[in-house]
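Before any comments, here is the structure.
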Amino acid sequence: MRLGVNIDHIATVREARRTFEPDPVAGAVICQLAGADGIVVHLREDRRHIKDRDLKILRGVVKIKLNLEMAATAEIIKIAREVKPDQATIVPERREEITTEGGLDVVSGEEALKAATEELKESGIPVSLFINTNPRQIEAAARVGASAVELHTGEYAKHFNNVIQREKELEKLRKGVAVAKELGLDVYAGHGLTYYNVGQIASIPGLEELNIGHTIISRAVLVGLDRAVREMLDLINW
Ligand code: PXP
């Protein structure tokens, strides 16, 4: 199972003081050395954590997969086409949210998402869509021309302590992975995963990559980033 480490919250700590440290670029280098398979950053429209400068330097430094999470807006699409991350993950974005709250509604936004996906693909950037595990959304993602989907694990995480609900969410995810694979999509998952709940997600057949942020950066504050990344890698690849 591949691990993409979302380093947004290194920048969140920096922005708490609007200073130069900790530098997410240094964090990316440590994740890379610790064995992570990818670095994920979300360049939000309000630039609340990751800045344009971070993304540009990361493009030079990151030799593993650089995955840019982004809203499908003209401004960010233009930046993505210039920087050329190894993948763009289109996510819904609302200014007032604390973090990305739900998946994209690909069914109702099909035309606009198709146009955005085509623009990114023209620049050689493969596109993944962050969606809730709903077969209609997965089918729409395939129609839009995405090469992958990232399934939202937030509901699973939320219900982790309720065995019945958790099993329901796991079953939805297992079915979603199968539907996406059948359509020829690569399948990733993420959001709300922790060291405590990641095991069952990591064992879903067909799932190729997990994108994990908050829990790794939280642990890193206490035990160091190198150790936090290695412990997650051990958990998802046992
Ligand atoms: N995947 C996507 C698409 C996200 O938007 C986020 C949050 O930035 C994550 C994964 C990581 O979520 P978490 O920080 O809860 O691990």
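Each value in this text was obtained by applying a stated rule to the coordinates, not by laboratory testing. Given the structure is predicted, the values throughout are model-derived calculations rather than measurements. Glycine gets a Cβ as well: all are built from the backbone with ideal geometry, and neighbour counts include every protein chain shown.
Structure values in brief
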read-out: Positive-end residue of 36, 180, 116, charge dipole of the chain with Cβ unit charges; value: 36
read-out: Loop sites in the stretch 75-149: GluC sites (Glu not before Pro), DSSP, at most 12 other Cβ within 10 Å; value: 96, 97
read-out: Dipole magnitude of the chain, debye to nearest 20 (Cβ charges: Lys/Arg +1, Asp/Glu -1, about Cα centre); value: 400 debye
read-out: Distance cut-off 16 Å, percentage of C-alpha pairs in the stretch 1-97 lying past it; value: 52 percent
read-out: Per-residue HN-Hα couplings for the stretch 58-74 [Karplus 6.51, -1.76, 1.60; θ = phi - 60°; Hz; x = Gly/Pro]; value: 4, 4, x, 9, 7, 9, 8, 5, 9, 10, 9, 7, 7, 7, 7, 10, 4
read-out: From the C-alpha gyration tensor of the chain, square roots of 5λ in Å; value: 25, 23, 16
read-out: Distribution of pairwise C-alpha distances over the stretch 160-203, 5 Å bins, in %; value: 5, 19, 29, 25, 13, 7, 2
read-out: Equivalent ellipsoid semi-axes - Cα gyration tensor, the stretch 87-208, angstrom; value: 25, 16, 12
read-out: For the stretch 139-238, convex hull volume per residue from C-alpha positions, Å³; value: 99 Å³
read-out: The chain - mean residue ellipticity at 222 nm from DSSP helices (-39,500 (n - 2.57) per run, n ≥ 4, rounded to 500); value: -14500 deg cm²/dmol
